[in-house]
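Contents: one structure, followed by commentary.
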Amino acid sequence: MDGILLIDKPAGYTSHDIVNIVRKQLHTKKVGHCGTLDPDATGVLVICVNKATKIIQFLMSDRKIYRATLTLGKSTDTYDASGKTLGEKEVGPLSLEEVKSTLHSFLGKSKQMPPLYSAIKVHGKKLYEYARNGQHVDVEPRDIEIFQIDMISFDGVHLVFDVSCSKGTYIRSLCVDIAQKLDYPGHMSDLVRIQSGQFHLSKCNTLDDLKNDHYTLLSIDEALQHLPQITVSDESIVYHGKKIKSSFQQRVAVCNEQGHILAVYGPDGQGYLKNIRGLW
């Protein structure tokens with residue numbers, strides 16, 4: 001059984017918990033996921049099974065879409081609702097125009113400081129390990145990009161917004177930064193990943209679907225349909241790792257005449273495409 005399983009991750013599970021559930025349900029050890037979701041977050045988790053684990057690197061999308069809820073008036077050490085309260089301030093009146101303008105000020109490329117309670121590694125240890133031990137560690141800001149950000153609702157304390165962002169963006173940090181720009185402490189109180197690359201929440205299976213064997217497994221060909229395709233009549237070109245002359249300056253899916261993807265190729269900088277990953 002090879003393919004891609006889209007799971008609507010419920011709150012209270014780590015991404016690795018879901019991987020273990022899939023391993024047990026599908027009776028295989030070769031399972032991996034494409035992009036971690038925090039335990040409190042829900043939504044799209046892309047799971048690759050068996051041979052599909054070969055394409056994880058091609059499914060780590062540069063763009064993801066989230067619906068987040070920022071609660072103003074209280075900050076926490078983890079930047080979310082599960083953390084220890086650090087500061088509180090009563091929230092005064094804020095206009096919708098002020099809130100929308102603040103959100104839109106985050107559009108574009110910027111540097112973002114990740115939360116101390118995160119799985120980023122520094123000197124071989126995860127940041128949350130330093131944080132739990134009360135140890136200080138210098139953390140470099142990360143390059144991120146916000147492609148789109150829109151207010152969904154605001155009741156004076158709870159701000160719900162949708163954001164389309166680059167890979168590596170921490171929505172918890174974004175919430176804290178938005179709150180600070182509004183001159184209040186704040187934390188992320190809810191997060192749903194609506195879309196990861198081409199995979200949308202509406203196409204996801206639930207854990208109950210999985211446990212009841214009512215799930216849909218996408219093929220490798222379906223999962224890589226976002227890549228440009230070129231067709232070869234002689235499949236041995238791919239099997240022997242030969243380069244292909246091409247003007248493409250991006251990754252492509254190399255297919256046989258039946259439309260089945262044999263490999264993913266990428267530019268070598270000299271007018272040719274070289275084999276990055278064979279999938280036969």
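The values are calculated or read from the model by the stated rules, or taken from the named source; none is laboratory data. A quick note: this is a predicted structure, and the numbers were derived from the prediction, not measured. Virtual Cβ from ideal backbone geometry, glycine too; neighbours counted across all protein chains shown.
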Report summary line: Counted residues in the range 236-249 being in contact with a strand residue (DSSP E or B) (Cβ under 7 Å, 6 or more places away or on another chain) and under 10 Å from LEU273 (Cβ atoms) come to 6
Query raised in the report: Inside the range 255-280, can you point out the residues that are assigned to a loop (DSSP other than H, G, I, E, B) and within 28 Å of the chain's Cα centre (by Cα)?
Result: HIS260, ASP268, LEU279, TRP280
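Yes or no, residue by residue, for (1) among the small types (Gly, Ala, Ser); (2) free of Cβ contacts under 8 Å to residues at least 60 places away in the same chain; (3) within 21 Å of ASN50 (Cα to Cα); (4) surrounded by 14 or more Cβ atoms within 10 Å (Cβ to Cβ):
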| residue | (1), (2), (3), (4) |
| --- | --- |
| GLN195 | no, no, no, yes |
| PHE199 | no, no, yes, yes |
| LEU217 | no, no, yes, yes |
| LEU224 | no, no, yes, yes |
| SER233 | yes, yes, no, no |
| LYS245 | no, yes, no, no |
| GLU257 | no, yes, no, no |
**Report entry** Some residue of the range 68-77 being in a loop (DSSP other than H, G, I, E, B) and of a type in the set (A, V, I, L, M)
**Finding:** no
Query - Condition met for LEU6 (buried (at least 18 other Cβ atoms within 10 Å of the Cβ) and free of Cβ contacts under 8 Å to residues at least 40 places away in the same chain) - result: no
Report summary line: Taking the range 168-224 and keeping only residues that are within 30 Å of ALA263 (Cβ to Cβ), of a type in the set (S, T, N, Q) and outside any loop (DSSP other than H, G, I, E, B), one is left with GLN195, SER196, ASN205
Requested in this report: Would you check which residues across the range 204-249 are touching a Pro at 6+ places or on another chain (Cβ under 7 Å) and of a type in the set (S, T, N, Q) and list them?
Outcome: GLN249
Report task. Take the range 85-106 and flag every residue that is farther than 16 Å from ILE152 by Cβ, outside any loop (DSSP other than H, G, I, E, B) and aliphatic (A, V, I, L, M). Result -> LEU86
Query raised in the report: Say we look at the range 179-228 and pick out the residues that are among the basic types (Lys, Arg) and within 18 Å of the chain's Cα centre (by Cα); which of these is farthest from ALA11 (Cα to Cα)?
Result: LYS203
**Report entry** Criterion: of a type in the set (Gly, Ala, Ser), touching a strand residue (DSSP E or B) at 6+ places or on another chain (Cβ under 8 Å) and outside any loop (DSSP other than H, G, I, E, B) - qualifying residue of SER61, SER118, SER82, SER110
**Finding:** SER110
Report summary line: With criteria (1) surrounded by fewer than 15 Cβ atoms within 10 Å (Cβ to Cβ); (2) within 22 Å of the chain's Cα centre (by Cα); (3) over 24 Å from GLY278 (Cα atoms), GLN57 comes up short on (3)
Report task. Return the pairs, sorted by first residue and then second, in which the second residue is part of a loop (DSSP other than H, G, I, E, B), the first residue lies in the range 105-128 and is free of Cβ contacts under 8 Å to residues at least 40 places away in the same chain, the beta carbons are less than 6 Å apart, and the residues are 6+ apart or on different chains. Result -> LYS111/PRO141; ILE120/PRO114; VAL122/VAL137; LYS126/ALA119; LEU127/LEU116; LEU127/SER118; LEU127/ILE120; TYR128/TYR117
Query raised in the report: Any idea which residue in the range 149-174 is modelled with the lowest pLDDT, counting only those that are surrounded by 16 or more Cβ atoms within 10 Å (Cβ to Cβ) and among the small types (Gly, Ala, Ser)?
Result: GLY168
Query - Subset of the range 19-43 [crowded, with 19+ Cβ neighbours inside 10 Å and either under 21 Å from ASP80 (Cα atoms) or among the aromatic types (Phe, Trp, Tyr) (or both)] - result: LEU37, ASP38, ALA41, THR42, GLY43
